[in-house]
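Shown next, in structure tokens, is the structure this report addresses.
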Amino acid sequence: MLRSHMENWLVTDDGTCTNFGTIETEPPKRTYRMYRFLTEMEDILEREPNDAKRVQAIIPLVRKLLISSYWLQLEYKAPSEKTGWAVNFLYREHEYPLTVQMVTWAPGTKSTIHNHATWGIVAIVGGQEKNTFWQQDDANPKEISPVGEQILYPGDIIGFTGNAVHQVAPMGEEPTISFNLYGITDRSSRYKYDEQTLAASKF
């Protein structure tokens with residue numbers, strides 16, 4: 001049975017997935033546009049250095065944006081027949097500390113196991129998505145162990161701290177469509193992991 005609410009989730013570096021609220025957001029009386037969202041995002045990033053707190057402060061703005069500027073939810077591309085996924089960049093700027101994109105995954109596909117080496121936020125717009133979580137070893141980030149999973153539905157928003165390790169897979173017969181935000185990636189600490197052996201390599 002599908003849930004009717006819109007839930008907020010936070011995944012920290014140890015792979016723990018915590019629910020921090022169910023939000024029902026009313027459309028703002030004044031249209032909340034992308035330029036205002038980006039400005040308020042930048043203000044949060046400048047004043048809050050902690051990634052977990054950043055994510056929790058930004059998620060309400062994401063809800064406000066998607067409800068008010070509904071056109072954003074339609075700015076996705078069909079998944080590639082070759083790769084099974086597609087990305088449409090909605091905003092990226094040289095030396096601006098975030099990227100805004102729409103991501104689609106075809107049914108029957110899944111991502112690599114990976115971290116992002118930066119904070120990230122994913123708002124589910126369409127379809128259902130299973131997130132599986134791993135924990136990096138404290139002494140060796142190339143070693144991981146599974147810790148849990150969470151199924152996300154339209155209206156759910158999940159945020160990640162930089163070294164949270166996960167894998168996403170659409171569920172059902174429809175593509176998964178999501179609105180994604182990411183900070184600046186630290187390439188020296190970004191990894192992907194082989195699904196069978198869990199061997200790590202730079203991503």
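The values are calculated or read from the model by the stated rules, or taken from the named source; none is laboratory data. Model, not experiment: these values are computed from the prediction. Glycine also receives a Cβ, built like all others from the backbone with ideal geometry; neighbour counts cover every protein chain displayed. Protein only, heavy atoms only, side chains kept; ligands, DNA and RNA dropped before computing areas. Shrake-Rupley method; radii C 1.70, N 1.55, O 1.52, S 1.80 Å.
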- Query: Scanning for something open to solvent by less than 10 Å² (accessible area, probe 1.4 Å), closer than 15 Å to ALA164 by Cα and not charged (D, E, K, R), does region 126-134 turn up at least one residue?
  - Reply: yes
- Item | Leading residue by the ranking (nearest to ASN19 (Cα to Cα)) among those in region 97-115 that are crowded, with 21+ Cβ neighbours inside 10 Å and either without any contact (Cβ under 8 Å) to a residue 60 or more places away in the chain or touching a Gly at 6+ places or on another chain (Cβ under 8 Å) (or both) | ASN115
- Message: Restricting to region 44-79, and then to whatever is over 14 Å from ILE177 (Cβ atoms) and in a loop (DSSP other than H, G, I, E, B), can you tell me which residue is least open to solvent (accessible area, probe 1.4 Å)?
- Response: SER69
- When you go through ASP156, ASP194, ASP186 one by one, which is the residue that is within 16 Å of ALA123 (Cα to Cα) and of a type in the set (Asp, Glu)? ASP156
- Query: Which residues, counting only those in region 155-203, are within 19 Å of LEU90 (Cβ to Cβ) and open to solvent by 60 Å² or more (accessible area, probe 1.4 Å)?
  - Reply: ILE184
